[in-house]
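Data block below; observations after.
Each reported figure results from applying straightforward, stated rules to the coordinates on display, with no laboratory input. Everything quoted here is computed from the prediction, not taken from an experiment. Heads up, the Cβs are rebuilt from the backbone with ideal geometry, glycines too, and the neighbour counts pull from every protein chain shown.
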Amino acid sequence: MRAKRAKSYRKAMQFYQQAFGFREPYQILVSPDFILAGVSKQVPVKARLEEAVQGQAKFLVTHCGISELLKTTSEFRTQAIAASKEFEKRRCPHQEPIPGLDCVREIMGDENKNNYCVAVQDDDLRAKLRTVPGVPILHVKQSVVVLERKSQVAKDASRQMEKDKLGLSELERSMLRAVKKQANEARNEKRKKKKKTAGPKGPNPLSIKKAAKKPQIPVKAAKPSQEKSASNASATVPVVATSGTKRPRSEGETSVQTAKAATVSGNSATSEEGAKHKRKRNRSAKNRGTANDSAAASQAPSS
Ligand SMILES: [Zn+2]
C-alpha cells in the first residue's frame, strides 16, 4: 500500500476512534459477496483488510452468510467457503437463513452499536450503510481493498456528538463564539503592539558600550610598547628618588603647612587663653623660622 493511502486510512480510522469509540482489534463484518469477490481476484482478504483499517482486526461472518456461500453456484465456491472458515461466526437472530446482505443490514441497524466495520461489495447495501453514522465501509476494487471515505452522515454525527458533549445550547454557543472572537481580536492587537514596540527601539545601551570599547582594542594591542615605556619611566623614577634632592623638600613643606594649621587653630581659640596663644604664636614663629631654615638648608644642596 502506498504511504499516502496508508496515511489517509490511518487518519480515517483515527476519526472513527475519536468520534465513535472504535478500538483495535477492529471488528470487520464480512459479507459473502465480499468473500467471493476477494477469492475471485486472488486477494488475501484478511491481510488486505487489516492493511485497509491500519490495525489488527477480528473477522466476522454471519451464519446466514456461510449458508449463502454453501448454496452459491460460483466457480469460487470452495475457496470462498475455505476463506469463511477462517473467520469467527457471528450469531444472528435468523433461525432460517436469510440472504447474507439482508442479514448484515439487519445486524448493522441504524446505529452500528457494536462498532463494526463492514466489508461488502453490493452497491445498494453500501449506500444504505452510508446513512448509518460511523461505519467504515470496505470493498474490493481491482484486487485492492479500499476503505471508503467517511460519509457526510458520519461527519455530521461526530460534530453533533461533540456539541452534545459540550452540552451547550444554541444561545450559549453563539455567546462562546462571540467571546472567542473578542479574545482573538485582543490577541491580534497585542501582537500588533508588540511588533510596533519592537521596530523603532532606541539603541541598545549595551551595544553602545561595546561600540565604545571597540576602539580601545587596538590600544590594548599596542599596550606592550606602552608598558615598555612605562617600565622605563618607572625605572627612571627610583633614580630621581635616590637622588634625595626632592623628598626632603616636600617634607619641609609639609612641616610648614602643619605649623600654619596650628596658627589657624590658635586664632580661632577663645580670648581667655590669649596669653597662651601669644606664646604659641611665638613658638610657631620660631618653628616657622626653623622650618624655613631647614627648607633653605635642604634647598641649598640641590642648587
Ligand atoms: Zn442472519
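General observations
- Cys117 long-range amide H proximity, modeled H, under 5 Å: Gln27, Ile28, Leu29
- For peptides 80-86, 103-109, sequence by mean Cβ density within 10 Å, most packed first: 103-109, 80-86
- Computed from backbone phi with θ = phi - 60° and the Karplus coefficients 6.51, -1.76 and 1.60, the 3J(HN,Hα) list for the range 76-90 is 9, 3, 4, 5, 5, 5, 4, 5, 5, 5, 7, 9, 6, 8, 9 Hz; x is used for glycine and proline.
- Summing charges over all other residues whose Cβ lies under 11 Å from the Cβ of Val144, with Lys and Arg as +1 and Asp and Glu as -1, gives +4.
- In this structure, the amide hydrogen of Gly55, modeled 1.01 Å from its nitrogen in the peptide plane, lies closer than 5 angstrom to no residue at least 5 positions away or on a different chain.
- Amide H contacts of Cys92 (H built 1.01 Å from N, under 5 Å, at least 5 apart or other chain): His63
- Only lysine pairs 8 or more places apart or on separate chains count here, and in the range 30-180 those with Cα atoms under 14 Å apart total 7.
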